[in-house]
Amino acid sequence: MQAEHLSAVDQASWEGAIRHLYEDATTFSATGPRAHEDWRADVLAVMARAVPDPRGWAGLDDTANKRSQEHPDFPFCHPSVRNDPSRPLTPADVGERLYEIDRASAEILLLALTDDGCTLGNLRRFTESFDELQNMARTILARYGDRFTCYTNVSQVGLIGRLDFTAATSRSWSPMTFYGEDSGLVVVSDAEVGLFWTFADY
């Protein structure tokens with residue numbers, strides 16, 4: 001894929017935002033290159049830890065020590081893996097489980113992913129204001145430039161293309177891991193694919 005203009009965000013601020021927001025969560029945050037026309041194939045490469053961060057920036061991977069020869073992509077898996085351990089995720093599986101959302105929803109989702117449950121109630125443990133935390137989320141997204149699309153496995157009844165964490169509408173998720181709950185965001189630019197996931201074992 002053709003590389004796009006590098007964003008103004010620097011490595012220290014991006015890594016700092018990642019570490020601060022997700023330090024108390026069970027999380028997977030990583031970025032890989034766009035190497036395929038079908039970005040879903042690039043998502044699978046990042047899930048498999050098969051590609052390095054294109055800029056050498058550090059993400060977080062709290063589940064790396066749980067990988068095994070049988071499940072090298074842990075915690076990511078097809079929902080039927082308990083019945084068929086040999087069944088890997090495919091690009092089609094990724095496409096079926098992710099929904100496109102707008103940038104504003106992606107910013108708020110990054111904050112909801114700071115702990116399990118995927119709720120803004122997670123922000124109570126931070127000393128920073130909501131505006132300060134939202135600026136950290138914007139710093140994370142700024143890496144991917146001005147033109148990117150966002151996808152999530154989280155959905156709300158009656159809402160298409162966005163999420164509303166201030167509404168009483170219940171949320172659901174399309175499972176993509178071994179965990180009882182997993183909520184994530186995929187950011188796709190012309191040059192990179194970023195994954196941000198939080199897990200809970202209920």
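The values are calculated or read from the model by the stated rules, or taken from the named source; none is laboratory data. Bear in mind the structure is a predicted one, so any value in this text is a computation, not a measurement. Neighbour counts are summed over all protein chains in view; Cβ atoms, including those assigned to glycine, are modelled from backbone coordinates with ideal geometry. Keep in mind that these areas ignore ligands, DNA and RNA; they rest on the heavy atoms of the full protein, side chains included. Shrake-Rupley method; radii C 1.70, N 1.55, O 1.52, S 1.80 Å.
Points to keep in mind about this one:
- If the condition is being at pLDDT 95 or above and either open to solvent by 80 Å² or more (accessible area, probe 1.4 Å) or in a loop (DSSP other than H, G, I, E, B) (or both), then the range 19-29 contributes only R19.
- Search result, residues across the range 37-79 that are closer than 16 Å to T152 by Cα, modelled with pLDDT of 95 or more and either of a type in the set (F, W, Y) or loosely packed, with under 15 Cβ neighbours inside 10 Å (or both): W39
- Per the listing R147, R143, R87, the residue uniquely open to solvent by less than 50 Å² (accessible area, probe 1.4 Å) and basic (K, R) is R143.
- Tally, over the range 103-121, of residues that are open to solvent by 20 Å² or more (accessible area, probe 1.4 Å) and either touching a Cys at 6+ places or on another chain (Cβ under 8 Å) or not charged (D, E, K, R) (or both): 7
- Only a single item in (1) at pLDDT below 95; (2) surrounded by fewer than 16 Cβ atoms within 10 Å (Cβ to Cβ); (3) out of contact with any Lys or Arg (no Cβ under 7 Å at 6 or more places or on another chain) is not met by G16, and it is number (1).
- Within the range 30-66, tally of residues that are assigned to a loop (DSSP other than H, G, I, E, B) and closer than 17 Å to C77 by Cβ: 5
- Considering the conditions (1) open to solvent by 40 Å² or more (accessible area, probe 1.4 Å); (2) at pLDDT 85 or above; (3) hydroxyl-bearing (S, T, Y), T166 is excluded by exactly one of them, (2).
- Residues that are among the β-branched types (V, I, T), in contact (Cβ under 8 Å) with a residue 24 or more places away in the chain and assigned to a loop (DSSP other than H, G, I, E, B) occur at least once in the range 113-129.
- Filter result for R138 (in contact with an Asp or Glu (Cβ under 7 Å, 6 or more places away or on another chain), open to solvent by 30 Å² or more (accessible area, probe 1.4 Å) and not in a loop (DSSP other than H, G, I, E, B)): yes
- Criterion: of a type outside the set (S, T, N, Q) and modelled with pLDDT under 90 - qualifying residue of R138, R171, R125: R171
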